[in-house]
1. Working only within region A:226-255, note down all residues that are open to solvent by less than 10 Å² (accessible area, probe 1.4 Å) and either within 18 Å of B:Thr323 (Cα to Cα) or touching a Pro at 6+ places or on another chain (Cβ under 9 Å) (or both).
2. Does B:Pro866 count as within 14 Å of chain A (Cβ to nearest Cβ) and either assigned to a strand (DSSP E or B) or crowded, with 17+ Cβ neighbours inside 10 Å (or both)?
3. Which one of these does B:Pro410 not meet: (1) open to solvent by 20 Å² or more (accessible area, probe 1.4 Å); (2) within 14 Å of chain A (Cβ to nearest Cβ)?
4. Name the residue, out of B:Asp567, B:Asp609, B:Asp552, that is within 27 Å of B:Lys450 (Cα to Cα) and more than 32 Å from the chain's Cα centre (by Cα).
5. Starting from region A:239-262, keep only residues that are at the interface with another protein chain (Cβ under 7 Å from one of its Cβ atoms), then list their pairs with residues that are among the aromatic types (Phe, Trp, Tyr) whose Cβ atoms are within a distance under 7 Å, requiring at least 6 positions of separation or different chains.
6. Is it the case that region B:653-672 has a residue that's in contact (Cβ under 8 Å) with a residue 60 or more places away in the chain, in a loop (DSSP other than H, G, I, E, B), open to solvent by 20 Å² or more (accessible area, probe 1.4 Å) and of a type in the set (Ser, Thr, Tyr)?
7. For the structure I just gave you, tell me whether B:Trp892 is in contact with a Lys or Arg (Cβ under 6 Å, 6 or more places away or on another chain) and within 14 Å of chain A (Cβ to nearest Cβ).
8. Counting just the residues of region B:397-407 that are more than 12 Å from chain A (Cβ to nearest Cβ) and either farther than 18 Å from B:Pro340 by Cβ or in a loop (DSSP other than H, G, I, E, B) (or both), which one comes out most open to solvent (accessible area, probe 1.4 Å)?
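The values are calculated or read from the model by the stated rules, or taken from the named source; none is laboratory data. Nothing here was measured: the structure is a model prediction, and the numbers come from that model. Here the Cβ positions follow ideal geometry from the backbone for every residue, glycine too, while neighbour counts run over all protein chains shown. Heads up: the accessible areas ignore ligands, DNA and RNA and are worked out on the full protein's heavy atoms, side chains in. Shrake-Rupley method; radii C 1.70, N 1.55, O 1.52, S 1.80 Å.
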Amino acid sequence: MEPVKRVIRSLSIAALLVATAQVIYAHHGPGEMIAMFTQRMEADGATPVLLYKRAMEWRTLGEMDKATDDLRKSIELSPKFVDGIELLAEVYLAQGSLEKSQEVARTGLQVAQSAQESAAFQMVLARALEKSGKSAEALKTCNAAFDSFPRGNLDWYLIRGTLQQKLGHHAERVADFRRGYEETGSIVLRNSMVDAMIDAGRAEEILPVIDQQVDACRLKSSWLLRRARAKISLGNQAQAVDDLNMAVAELEKRIHPIHPDVTLVVDRGLARALLGNEEGAREDLERARELGVSPSMLHLLLQELSSADFDRKPDKSERS
Amino acid sequence: MATLTPSILGRRCITSVAVSIHLLCAVGQLSGADENDKDGKKLPSYRYPQMPGFSRMPYLQMSGPESMSIVWRTEKAMTPVVRFGKDLKNLDRKCDGADIIVKQKLKDLMRIAGPPPKSDQLPLFTAPDGTHQYEASLKGLSPSTRYFYAIFDGEERLTPEDPSFFLETHPVPGTDDELLFWVVGDSGTGEQRQQDVHQAMIDYVSYNNLDLDLYVHVGDMAYSSGKDDEFQEHFFEMYEPTLRNTACWPAMGNHEGGTSKGQFGYGPYYDSYIVPTKAEIGGEPSGTEAYYSFDYAKVHFIVLDSFDLDRRPVGAMAQWLQTDLEKTHADWIVAFWHHPPYTKGSHDSDREEDLIEMRQYIQPILEAGGVDLCLTGHSHIYERSMLMDGAYETPTTNEDVILDDNDGDPHGDGPYRKSAGLPPNNGHIQVVAGHGGTRLSRKGTMNVMKRILLEHGSVLIQVSGNTLTGTMIDYKGYERDVFSIVKEGVVAPIRIAQPWERPPFGQPELANHYWEGGSLPADYEEAVKKHSEWKYLAGAHPPEAWAGTEFDDSAWLTGAAGFGFGDRDDTTVLGDMKGKYTAVYLRKEFEVKTAQDAEELTLAVAYDDGFIAYLNGVEMARANVTSGSGPDAVVDFSREAQEEYQTFSFRNVRDSFRFDAPNVLAIEAHNRSVSSDDFTIDPFIAVLPPKKSNPDKLFPLLYEYVTGLNEKWSYFASKQEPPARWMDEDFDVSKWPKGRIGFGYGDGDDVTVLKDMEKNYTRAYFRTEFTIKNEDDYDSLGLAIRYDDAFIAYINGKEVLRVGIDSGRGQNAKGIAKHDADEKKDKYDYFSLAHARHLLSSDGPNIIAIEGHNVDLQSSDFTIDPILLLNRDKSQPMPEKFTELIPKNAEWRYVAGKGAAPEDGWEKPDFKTSDWAKGESGFGYGEGADARTALDDMKENFRVVYMRKTFDLDDPKLASKIGLAVRFDDAFIAYLNGKEILRRNVETGRGEKAEKFTGKQKISKDFEYFPLGSQKDAFVDGQNVIAIEGHNQAVTSSDFIIDAFLVVKDE
């Protein structure tokens, strides 16, 4: 019956939105929308939906304090307004107000009307916990979210996988990504499963898949990097050098001279680290940080740099 | 598969209502005056009613090379059957049973218990009670094939026997088939203007004999919140005739996001569409309908959800995008989504987080993956960028991110150019197409944009071979913007420090007219003289059709241009204008004899504040009049007339010229306010000199022009014959007319049209002068020509080439074979003229003369379109005497090894090669290679070898006599002081990315000789660097050699 409740709630919100239909129809940017919502509220009084809609526009403009003000008022008017509570938890999370985000997410859990809604609040909570440094609790909350709503969504799988990687739960990580891949067919979950298998010491098992991807891909660097990691984990460090050099060569051509794609910079940093080029790897680490990289993307690079005994690295022959 | 004759670049515009009516009869019928919808409400005249039995008419989804889905809805259960076949009268195949998924309204979900259903078993989220949605999956179809179909309820046929109920499968991915797709955004109002935009596309496509292959919607297709009934009324009933035979590929907009959720894939949006999640039509499996990819021929499409998913690189969507880009081997990448990364329309991409995130997070991934075109909406405007790359800053800056700041118009500044293939960061175009129906607005000027138009419309994109062309069609059917990207050879991106920029928003600019005005060049002539007399009407508005040719203006006053008051520069002073009226109407008749003459005309105007111009009743230009016309014209800004005239091309109305009767240029000029202190309208028609074309654009790497692409040749085209020795050097052609190549009639692509040739005469004669400065070039001279049907070429009076003619010349020519010129303007046949070297002179002008023949008088077309070229791809025999500048078997620096490609810039003089290996030339392996430096590990490991050598040139005069001697297998590219000077057997790319190998070379002991005289300017006094990359076609090749030395030819 859960989805039905969700639908009924959505339909009721839709009905509320009818009142603002004409306004939305003339949608002309957040500034105008905010002015219109404000005018409506001044004329007819504030409603949870109008406050919620205005908060969305404030968020679009990066005005997070104003967004939280409106959302708090919205929830005061309608304490079980799930969309409002969820958005407030997200806004607090984006602001770095982690305690508040957790508190609001827990409130949401109390009023959630479906398993999907509960799971969504659990995932916001998990992300807030992770940012608070409580990875184990965050993972537990993630798992609870999947228990509530097994289908989940693709981003949830990745969030859980990041926590499992951080905590060294490699076997579970492999199993969960495999399950996700089988259920959704998502290539991202397949790739994550490959990464997890390398971390789990199952490189030999996955090497044929990696070889196949190296052959098939137009842009090969990410798969060359995976193959190098797999070979290193199998003790074939010398064989990894060629792959790493080729990966670096391709990345050099793809990395924009002024405004690079941060994912490529991180990949090059990892390849350089694996080649023993600590200086180059640290340069890429700094560049990635300047570009605002998400910390979870740096896990392997930081791991490699912190554990690095560069004298034992396979080769220093990367051409600079 | 698109049918592309005539070309989309035909620049037709629709002016005939009859065309629209005809089309509607053919493909669907708009609601009549008394039509009611299913609830008994009167149906607006611009919506298409549903046929009996359907609550949603059949529409196509998930089109692929061998499969297609057909979806429809009914109000109650039925026995669904789709019959289909290649013959409308014989639908011999059937889809039924388990091949048709049935979805029902959500209330039936209450019966469902247990785990959540799989996505393909999901019920409808919302729909009227009793609604059944049928999704028929037709499989086992043939690629590039049209099938007709009909929907049956058991044995009862529901759709009529109508040829518009068809589906056409995609070509096999990777094939050369052309593609035409329609791009619409922010359209779902369900109002008249939305239908106008749709109808304009239908009319345009029909008028130009095109076939639409795909329909792309960039979001906001069902205002105001994407509810089921809004989808029905604002999307399905608005586009029904297109949807029944053209699959729509959607991206979710924020308004659909009001009721549909990308994270979980439910809601009316997801009910309505079936898109790939498992890479069914190419690409990589996304596992979600929120974002996906698919292939059509050589184009890879990527569709993103910019509204309600994580846009960061850690998110699943960005990771999928990376993987998808890594995998595709298409020639083109087109990406589309809703929220524009660059806009100042109704939204501001420098202020709004979702837009900023698409720019900061998604664009770098796309551009590093080689994207060519990004299509978006959300902002209610049409904006189109210059060729750009790497603009991720907030606020957006245009410095060093624009790679070409011209207009990209193939008939204007010329197309944008990119390297062949999908090189990273080689530039792309952004199009904001949020002008599909809803109210328009503009906040400012986005500085990367070349075109900004506040008019409703849509965009047609054509991909044909190495060219992508976008055309914005407004709601009236006019072409308002055209741009092209040509991908050929290697184009190194050059970042423009201070690119062209529009005036800031709010200041007067040449906005909102069809073709950007420019300044007059110094060497123009006047077709309608400055200050000539015009008919004019001041102080009143004329009746409708006042701008047409039939209008009687005899009662109007006559006055000399310019007209106005207040600034003391007016010839005809309108002393009563201030305080009384704001509009003045002008008419002027003028004559044009040929289409060729018309091509060179331009309207020149000095104006204050704005105007609209018409040619024979068709609007051709509009400046500073943002909307409306006549008494309804809106002028947004005050503008002072400049001393210089602004020019406006007649290009978009070229089909409206009359050559056998006078033309009428009509202008309505407007002051912004009745209280304005001045007013000016001062028009004339100028004749511009022909525009110089960049010769690199057609033959970029291997050829060098001798005669120009747009050069004028003398010609003789008549029932009469020219004197017998018309081809001789001393023949006087001063009385022959001149026209730009190519000549011809009948196929719509001729520059100089020979109007009277058809049925009157079969031959025409052409000639021009050319010079060759260097004798070394004699051996590489060739003729590139498009011809229909046959020709004979002469150099300096001697026949040098005969194609399609058995014997005789002129009227005595016999045995003429039929031959069609390639439809593509850039497809030439190439004939070497090296055998004519003895006829050439480097001292003075040479004459090339060509007689073109049609097979008979009844022939429907004729083409002669010649260019003389130097072919740099051809070698010559070694000179008899030479001095070695770099000796044979000299020691070179080289790089050879698996994964050992040098860094970019390795060919440049200042590149450090101290860590490169040294070895004697040649480098290679295998039988017969005779390599001084053996590369025994090359086979199976790598296929490119890089070599460099410095040498001194003390006497710069020797530069013209230097040549390169090379033994090679299979291909090579040579650079002199960092500049590419020579390539053989490889068409595009460099280093590891070189591709399109044109011939396998056999190892020989003999050197081929390439004179470098034409590159003499690339040599410098003192130290020079020659760099060569030698290529094997395949890593498995049994042999390889690259061996070179440099010589100075002795006299």
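1. A:Ala228, A:Ala240, A:Leu244, A:Ala247, A:Val248, A:Leu251, A:Arg254
2. Spelling it out, it is not the case that B:Pro866 is within 14 Å of chain A (Cβ to nearest Cβ) and either assigned to a strand (DSSP E or B) or crowded, with 17+ Cβ neighbours inside 10 Å (or both).
3. That leaves (2) as the condition not met.
4. Just one listed residue meets the conditions, B:Asp609.
5. Here the result reads A:His259/B:Tyr392, each pair linking region A:239-262 to a residue that is among the aromatic types (Phe, Trp, Tyr).
6. No.
7. Judged against the criteria, B:Trp892 is not a match.
8. By that ranking, first place goes to B:Asn406.
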